[in-house]
Amino acid sequence: MKESNDWNATKYNKHADFVSNLAMPVIELLNPKKDEKILDLGCGEGTLAVEIKKFNTNVIALDLSEDMVEKAKAKGLEAYVMSATELEFEKDFDAVFSNAVLHWVKDSKTAINKIYAALKDKGRFIAEFGGYGNIKYLTDAMEEVFNNNPQYGKFNNPWYFPKDIEYKELLESNGFKVEYIEIIPRPTQIDDILNWLTVFANGIVSHLSNEEQENFKKEVREILKPKIYTKKDGWTADYVRLRLKAIKI
Ligand code: BEZ
């Protein structure tokens, strides 16, 4: 689930399956129990919701992308198109789980409020997403290319990568008790940066012509190559995770 619904599930599956593959520690933190009702907020194509369901839980999966929701339904999941800031639940869930999504939600206060409302008393909110410093090499390179090409307009960073202290305060001021919150640097091997940009940064350049978009990606790649590419490891993105467990009190 990101703030626009232009995800392409096929491209995502091909170039971004590492997102789900690396999320098992978050499922461990969730610790799903039999018969629990769990909301997967930003389910993508449903890979993690399927894992959570294997614990004999009842999972509702949500995503902003119709394409992703269709893929999730095809996996047998109960899935709906819904935004994190427009959740329509009231004390329905034992837990809300969210992986690699909340950095797309700039209105974090509203999202936290809706998550709080969706949880039963003592329900838990387990999440991981981009934390402070996440993909700094990448965003700096994108900004540099915008600055080098004033005809592209202003670089609009679509992401929110908060500090742990900042997010903890937000959660606590919305009634949560934060049991655990940590910033975890996690350099992540990706395939060619061009593919990463195509899957994740298309919104940043969607106002440009196809030719400009291709040039943008090539220029970003040139800047990044000496910084995040080696022959031995290929491309490594400077991911930083913010992982948390908070309880509704
Ligand atoms: C992330 O998972 O940290 C992320 C993915 C795509 C764009 C921005 C951040």
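Structural remarks
- Nearest 10 degrees, 0 to 90: helix 108-118 Cα axis against the chain principal axis: 30 degrees
- Listed residues Lys177, Lys106, Lys232, most fluctuating in the chain (Gaussian network, C-alpha, under 10 Å): Lys232
- Taking Leu119, Leu30, Leu208 as the candidate residues, the one with maximal mean-square fluctuation in a Gaussian network model of the chain, Cα springs under 10 Å, is Leu208.
- The GluC sites (Glu not before Pro) of region 54-158 meeting both criteria, a DSSP state outside H, G, I, E and B (loop) and at most 11 other C-beta atoms within 10 angstrom of the site's C-beta, are Glu88, Glu90.
- Of Asn56, Asn31, Asn210, the one that fluctuates the most in a GNM where the chain has Cα springs shorter than 10 Å: Asn210
- Per residue, the chain reaches -11000 deg cm²/dmol at 222 nm when only DSSP H runs of four or more residues are counted, each adding -39500 (n - 2.57).
- Share of Cα-Cα pairs in region 136-249 lying beyond 24 Å, as whole percent: 40 percent
- Dipole in debye (nearest 20) - the chain, about Cα centre, beta carbon charges: Lys, Arg +1; Asp, Glu -1: 660 debye
- Alpha-carbon centroid distance for the pair region 182-242 / region 73-143, whole angstrom: 23 Å
- Ascending count of other beta-carbon atoms within 10 Å, so fewest first, for Asp164, Asp63, Asp191: Asp191, Asp164, Asp63
- Cross-link pairs Lys163/Lys248; Lys106/Lys177; Lys73/Lys168; Lys136/Lys232; Lys54/Lys245; Lys37/Lys106 - those with Cα-Cα distance over 30 Å: Lys73/Lys168
Values in this text are rule-based calculations from the coordinates and carry no lab data. Keep in mind that what you see is a predicted model, and the values were worked out from it rather than measured. Reconstructed Cβ throughout: ideal geometry from the backbone, glycine too, with neighbour counts over all protein chains shown.
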